[in-house]
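Data first, discussion second: the structure below is written as structure tokens.
What follows is calculated from the coordinates using simple rules that are stated; it is not laboratory data. What you are looking at is a predicted structure, and each value in this text was computed from that prediction instead of being measured. Because the Cβ atoms are built from the backbone with ideal geometry, glycine has one as well, and the counts that use them run over all protein chains shown.
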Amino acid sequence: MLIRYSKPDIIKEPASMKNETLEIKATLQILKPVNEVFEAIIDPLKMSNYFISKGSGKMEEGKQIIWQFPEFDASFPIRVGKVEKNKYISFYWEMDGIELLVEMTLSPRADNSTLVTVTEKNRINDESGIKWLKGNTEGWANFLACLKAWLEYGINLRKGAFNFMSDKT
């Protein structure tokens, strides 16, 4: 039996894909009223129960703050953008020398719960952009799950969860 393989034509990337940017979006419903969710996000003392280990101040419009995370030996400068009480929070932070915009939208639901949507944008669709997309999508999904666990059940899911990242073994 003779099988012939032909050389495939080179597949060209459509022009519209060449400058495509990547954006992260994660959403979760939290069974708490919007004012409780909002305060848990802007207050570093509350955030330290589920997200950061320390923050230099509340998220207030135009303010520069510093966040520290338990699993990283670094400080992260945050430039707070727009804050609309119980509705919207935006901030900028840097990764790989690129300033990224993070937006958190809070939508109250009829059952007194809150839909939280986190969007982070944007990076170029290349190898480093895809690495960012993977890591930060996981990070924002984790943020939302930890926020939900703490607000609804008083559990800090983040505590000890990332100790392996600093293991020397």
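So how much slack lies between D111 and E60, counting 0.36 nm per residue of separation and subtracting their Cα-Cα distance, in nm? If you can, show how the numbers build up before the last one.
Working: separation 51, 0.36 × 51 = 18.36 nm, distance 2.83 nm.
So the extension gain works out to 15.5 nm.
With no solvent and one point on each alpha carbon, what is the Debye value of log10 I(q)/I(0) for the chain at q = 0.14, 0.17 Å⁻¹?
-0.78, -1.10
Calculated FRET efficiency, T21 and E152, Cβ-Cβ r, R0 30 Å, to nearest 0.05?
In this case the efficiency is close to 0.30.
Given an 8 Å cut-off on Cα distances and at least 6 residues of separation, report the relative contact order of the chain as a percent. Numbers along the way, then the final one.
Numbers: 289 pairs, mean separation 45.3, N = 169.
Averaging sequence separation for qualifying contacts and normalising by length gives 27 percent for the chain.
Over 26 Å between Cα atoms, which of K54/K85; K85/K134; K32/K82; K32/K54; K63/K134; K32/K134 qualify? Could you put the intermediate results ahead of the total?
Values: K54/K85 22 Å; K85/K134 30 Å; K32/K82 23 Å; K32/K54 24 Å; K63/K134 29 Å; K32/K134 28 Å.
Beyond 26 Å: K85/K134; K63/K134; K32/K134.
Could you please tell me the mean projected area of the C-alpha convex hull for the stretch 48-91, averaged over all directions and given in square nanometres to one decimal? Could you put the intermediate results ahead of the total?
Values: hull surface 12.8 nm².
Average of the hull's projected areas for the stretch 48-91 equals 3.2 nm².
What is the sum of charges, Lys and Arg at +1 and Asp and Glu at -1, for the other residues whose Cβ falls under 13 Å from the Cβ of L115? Mind showing how you got there, number by number?
Numbers: positive: K25, K32, K87, R109, K148; negative: D111.
Result for the local shell: +4.
Treat each spin label as a single point 7 Å out from the Cα along the C-beta direction, and report the N163 to K82 distance in nm.
Roughly 4.3 nm, to one decimal.
Just to confirm my numbers, what's the Cα centroid distance between the stretch 69-128 and the stretch 134-151 in Å?
If we compute the Cα centre of each part, the gap is 11 Å.
Contour minus end-to-end for L28 and F72, with contour as 0.36 nm per residue of separation and end-to-end as the Cα-Cα distance?
Numbers: separation 44, 0.36 × 44 = 15.84 nm, distance 2.53 nm.
This chain segment gains 13.3 nm when fully extended.
Could you name the aspartates and glutamates whose alpha carbon sits less than 14 Å from that of K46, not counting residues in the same chain fewer than 8 places away?
E36, E152
Taking a temperature of 37 °C and a viscosity of 0.692 mPa s, what whole-number D in µm²/s does Stokes-Einstein yield for the stretch 80-169 with Rh from Kirkwood over alpha carbon pairs?
Values: Rh = 15.2 Å.
Rounded, D is 216 µm²/s.
Can you tell which of G81, G55, F38 lies farthest toward the positive end of the dipole of the chain, using +1 and -1 charges on the Cβ of basic and acidic side chains (Lys, Arg; Asp, Glu)?
Farthest towards the positive end: F38.
I want the local charge near S56. Using Cβ-Cβ distances under 14 Å, sum +1 for each Lys or Arg and -1 for each Asp or Glu among the other residues. Write down the numbers at each step before the final one.
Details: positive: K54, K58, K63, R79; negative: D43, E60.
Summing Lys/Arg as +1 and Asp/Glu as -1 gives +2.
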